[in-house]
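**Q** Mind looking over this structure? Questions follow.
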Amino acid sequence: MTIQGRDVRQDLRETVDVCVIGSGAGGAVAAKELAQAGLSMVVLEAGENHDPTTFSRHMPEMLLRLFWEGGMRTTHDGSVLISQGRGVGGSTVHNLCYTVRTPDPILERWETEFGIRDLAPSDLGPSLDRVEVALGVKPIREKQVNKLNRIIRQGCQAMNWRGVIQRHNRGPCPDCSAGCLLGCRASQPGIGKQSMAVSYIPQALAAGTRLYTDCFTETIDVENGRVVGATARFLSGDMRLPRQADTQTDRSNDSGDKRRREVCRLTVRSKAVVLAAGAINSPQLWLNSCLPDPGKQVGRNLHLHPAIFVGGIFDEEVDAYQGIPQSFYVDHFLDLARNPDSGYLLMPASGPIALVAASMPSFGREHRDLMQSYRSLAALLVLLHDRSSGRVTVNRRGVPVIRYRLSRADRASLIEGLIHGAQLLFAAGAREITLPYTRRIVIKRDSDLEVIRQRGIVENDILIASSHPQGTLRMGSVPRESVVDSYGEAHAVKGLFVADASLFPTSIGIPPMLTIAAMADRIARRLAANWPP
Amino acid sequence: MALKFFSPTEVEILTALTEHMAGIDFPDVWKRPYGHEAPMPAHSPTVITIDTFVVGLPLSLQVQLRRALHLFQWGPILFIGSLRPFTRLSPRDAETYIRSWAESRFGLRRRLFRGLRDVTFLGYYSQSATGIYQTSTDEPGAEGR
């Protein structure tokens, strides 16, 4: 059953076995597994319950509907743009469906360096298998590879680098385009993008879960070191707009605004809480709830997988926005077996024209001239497996403050990635390279690439984006160095589990959806098997 | 169409900013929509789109945007020694002025430049009129079928 916050007109109370906060790649899986194990469940989701048939290709509208802070969330200095999904299905509604299994060297590293038990590749394997079946993961067929991805593959082959056609979680899709990034209009069970909203959530609901949407969790409630539930408020009617209500806690609501005092609340009493609100909002909620943090680790260890766009302008039309946006990627520079904490992927990049415009350098006539090449643009993202780590804190209004600064080594890796990306595009036939610096630099041949080293990576001089924040409530066996144990349960709060990318002890280096879902599967199954916590 | 967020002054700044950022010329009717004799304000679709978008943003971002617009408007006095506000600069001076933000050694100015640039691009390039650059993102991709 789904209860939409906008329809609620009174305070409500629920008493259940488990309360799940968040309905993305972690929360949806946990909810389904626990509900099917026979536990009574509620899921609290701050965003809306999307009807995919209402998704438009109007970017401003969809940014507000699908993303936290309208897609404008940034680090505190504005240097990294962080896109995170909100609404039922979380980021799986707008992601581009790379379904990559957790690399063995990463799991081995987590096990040996962080003392995490039962997380060898053979241990997580069954969870990954189950998630793949539930999401309908399958290889992308050759005829589904669009021209952008073929060009990138051609350049990769010309450079003699390693790359691979990936798998994805899509059924037959009549609507495949770069608009995928704004939600799949065809999405339904078995057809189009198989986000959590059309795969796990319906199964959780069928097993008796009650899903509250437009319902922002304000606190996780703890008594005597044990979780007892959560308190949320509904964003109903006018409360849904302006959306600043979504990211602030009660402490912010003392401005005298009468609308804010009319808010209805939901009080949940439960034996366990599964926190799966994402690597920014989960630590935010932890800190706003004043939960114990003996190791002072909450919010630390933030990794972002920072990504920078490299565009190649070709003589022919590429029409990158047509077809599946990402099917191939270059993993030649991500050798985790030899170098587990650094490297990068080169991934095809396409998107709505407004997004491409933001990725182009300069302004005015110069920018407009570059935009004339939109149809002839083939672009890459350099996605960094970052060693730099940042921190999520909250300000006095309870709003997350994200601090992150690239280390010298990571800047060097990004520069190397930009150069390799440009070389690949030249090898594929690009006549000019464009980079998202504020001032355009002209790169028309390999010998021009040195200018990238000279320009370097300077905050707010080049557009850096992130879609994979992770690591802010990390797992580990030592409480002073981690927040949760090997099975996702908080060291300091009995019955509180974490099941999202916050868990990751290090950057994972690859698109994380499958790993998040598999970790949630593992945590939920263990919780159900050892019930009550 | 009535705007929900921007004041008349801010509309004027935003309209000029969009013209300079996107390298276009709006019709005059959109440039000074609040002349004393104007019976009904007219706004460019870009401004309407940005206004609708900004209303949905968190309060902190709304405040930042508003401050950035006003700082940008009166910045010529501080940054290029001109007594004219941004909307009254000649096209050449306006470009010099914007470039001084884009290439400033102060991170905050570069950040505000990027923020204003991205918001104006979001508004401008979300208009169907700019679809000249593409066939259509609405078109189903044959390869995906």
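**Q** Residue under question is A:Ser177, and the condition is that it be under 29 Å from A:Gly429 (Cα atoms) and among the hydroxyl-bearing types (Ser, Thr, Tyr); does it hold?
**A** yes
**Q** Can you tell me which residue among A:Ala25, A:Ala35, A:Ala31 is at pLDDT 95 or above, assigned to a loop (DSSP other than H, G, I, E, B) and either assigned by TED's automatic domain parsing to the domain that holds A:Leu275 or of a type in the set (Ser, Thr, Tyr) (or both)? Outline the logic, then answer.
**A** Details: A:Ala35 fails: assigned to a loop (DSSP other than H, G, I, E, B); A:Ala31 fails: assigned to a loop (DSSP other than H, G, I, E, B).
Going through A:Ala25, A:Ala35, A:Ala31 in turn, just one is at pLDDT 95 or above, assigned to a loop (DSSP other than H, G, I, E, B) and either assigned by TED's automatic domain parsing to the domain that holds A:Leu275 or of a type in the set (Ser, Thr, Tyr) (or both): A:Ala25.
**Q** Here's something else I'd like to know. Restricting to the stretch A:401-430, what's the tally of residues that are open to solvent by 20 Å² or more (accessible area, probe 1.4 Å) and part of a strand (DSSP E or B)?
**A** 2
**Q** Give all pairs with beta carbons closer than 6 Å in which a residue from the stretch A:147-171 that is touching a residue at least 12 places away in the same chain (Cβ under 8 Å) meets a residue that is open to solvent by 10 Å² or more (accessible area, probe 1.4 Å) and part of a helix (DSSP H, G or I); count only pairs at least 6 apart in sequence or on separate chains.
**A** Close Cβ pairs satisfying both conditions: A:Gly155/A:Ala427; A:Ala158/A:Ala427; A:Met159/A:Ala427.
**Q** Does A:Ser413 fit the bill of being in contact (Cβ under 8 Å) with a residue 12 or more places away in the chain, among the small types (Gly, Ala, Ser) and within 14 Å of chain B (Cβ to nearest Cβ)? Give the steps one after another, and end with the answer.
**A** On the way: in contact (Cβ under 8 Å) with a residue 12 or more places away in the chain: yes; among the small types (Gly, Ala, Ser): yes; within 14 Å of chain B (Cβ to nearest Cβ): no.
No: the conditions fail for A:Ser413.
**Q** Moving on to the next point. Residues that are closer than 21 Å to A:Gly390 by Cβ, part of a loop (DSSP other than H, G, I, E, B) and modelled with pLDDT of 95 or more: does the stretch A:512-532 have at least one?
**A** Scanning the stretch A:512-532, I find at least one residue that is closer than 21 Å to A:Gly390 by Cβ, part of a loop (DSSP other than H, G, I, E, B) and modelled with pLDDT of 95 or more, so the answer is yes.
**Q** Continuing with this model, one more query. Quick one: how many residues across the stretch A:356-378 are within 17 Å of A:Ala307 (Cα to Cα), within 14 Å of another protein chain (Cβ to nearest Cβ) and touching a strand residue (DSSP E or B) at 6+ places or on another chain (Cβ under 9 Å)? Give the derivation first.
**A** Kept after step one, since they are within 17 Å of A:Ala307 (Cα to Cα), are these residues of the stretch A:356-378: A:356-361, A:378.
Pick out the ones that are also within 14 Å of another protein chain (Cβ to nearest Cβ) and you get A:356-361.
Now narrow it down to the ones that are touching a strand residue (DSSP E or B) at 6+ places or on another chain (Cβ under 9 Å): A:356, A:358-361.
Of the residues in the stretch A:356-378, 5 are within 17 Å of A:Ala307 (Cα to Cα), within 14 Å of another protein chain (Cβ to nearest Cβ) and touching a strand residue (DSSP E or B) at 6+ places or on another chain (Cβ under 9 Å).
So that you can scan it fast, the table gives a plain yes or no per residue for (1) touching a His at 6+ places or on another chain (Cβ under 7 Å); (2) small (Gly, Ala, Ser); (3) surrounded by 24 or more Cβ atoms within 10 Å (Cβ to Cβ); (4) not in a helix (DSSP H, G or I):
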position	(1), (2), (3), (4)
A:Val263	no, no, no, yes
A:Cys290	no, no, no, yes
A:Glu316	no, no, no, yes
A:Arg338	no, no, no, yes
A:Ser342	yes, yes, no, yes
A:Ala354	no, yes, no, no
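**Q** Given the condition farther than 30 Å from A:Pro436 by Cβ and more than 14 Å from chain B (Cβ to nearest Cβ), answer yes or no: does some residue in the stretch A:85-97 qualify?
**A** Yes, the stretch A:85-97 contains at least one residue that is farther than 30 Å from A:Pro436 by Cβ and more than 14 Å from chain B (Cβ to nearest Cβ).
**Q** Here's something else I'd like to know. Quick check on the stretch A:98-112. Is at least one of its residues under 18 Å from A:Phe216 (Cβ atoms) and either out of contact with any helix residue (DSSP H, G or I) (no Cβ under 9 Å at 6 or more places or on another chain) or open to solvent by 10 Å² or more (accessible area, probe 1.4 Å) (or both)?
**A** no
The values are calculated or read from the model by the stated rules, or taken from the named source; none is laboratory data. Because the structure is predicted, anything quoted here is derived from the model rather than measured. We place every Cβ from the backbone using ideal geometry, glycine too, and count neighbours over all the protein chains shown. Just so you know, the surface numbers come from the protein's heavy atoms only, side chains and all, with ligands and any DNA or RNA stripped out. Shrake-Rupley method; radii C 1.70, N 1.55, O 1.52, S 1.80 Å.
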